[in-house]
Amino acid sequence: MTKNELIAAVADKAQMTKTAAASAVDATFDAITGALKKGGEVKIMGFGNFRVVKRAAREGRDPRTGAPVKIKAARRPRFSAGKGLKDAVNK
């Protein structure tokens, strides 16, 4: 599902215009992104949790040459599916 398909589905389910649905979807994504940027978590009961994990600096290999490459430490977003979502997918 693409973002435009998601917007269309939200508009249909909520009986709203696509413009209003696009604003709602964008606001949701912005709120989640903002919370993660601040290092927080977003917990949506029955759906899942969004959080940030820290990855330590490490050494990797260039796949073409096999030469060692230093990979910087980074923060990465992670999503863990909640029980409700897992149950819905497995029905």
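The values are calculated or read from the model by the stated rules, or taken from the named source; none is laboratory data. Every value quoted in this text rests on a predicted model; they were computed, and no experiment measured them. Cβ coordinates were reconstructed from backbone atoms using ideal geometry, including for glycine residues, and neighbour counts include every protein chain displayed.
Data table
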quantity	calculated
Filter result for the condition that a residue is loosely packed, with under 11 Cβ neighbours inside 10 Å and not in a strand (DSSP E or B), over ASP30, ASP26	ASP30
Verdict on VAL53 being touching a residue at least 24 places away in the same chain (Cβ under 8 Å) and either under 21 Å from the mean Cα position of the chain (by Cα) or surrounded by 10 or more Cβ atoms within 10 Å (Cβ to Cβ) (or both)	yes
Filter result for GLY40 (within 17 Å of the chain's Cα centre (by Cα) and at pLDDT below 95)	yes
Residue selected from the range 1-23 under the condition surrounded by 13 or more Cβ atoms within 10 Å (Cβ to Cβ) and either within 24 Å of LYS86 (Cβ to Cβ) or hydroxyl-bearing (Ser, Thr, Tyr) (or both), by the criterion nearest to the chain's Cα centre (by Cα)	LEU6
Unmet criterion (only one of (1) surrounded by 11 or more Cβ atoms within 10 Å (Cβ to Cβ); (2) part of a loop (DSSP other than H, G, I, E, B); (3) not β-branched (Val, Ile, Thr)) for GLY66	(1)
Any hit, the range 19-30, residues being modelled with pLDDT under 95 and either among the β-branched types (Val, Ile, Thr) or on the phi > 0 side of the Ramachandran plot (or both)	no
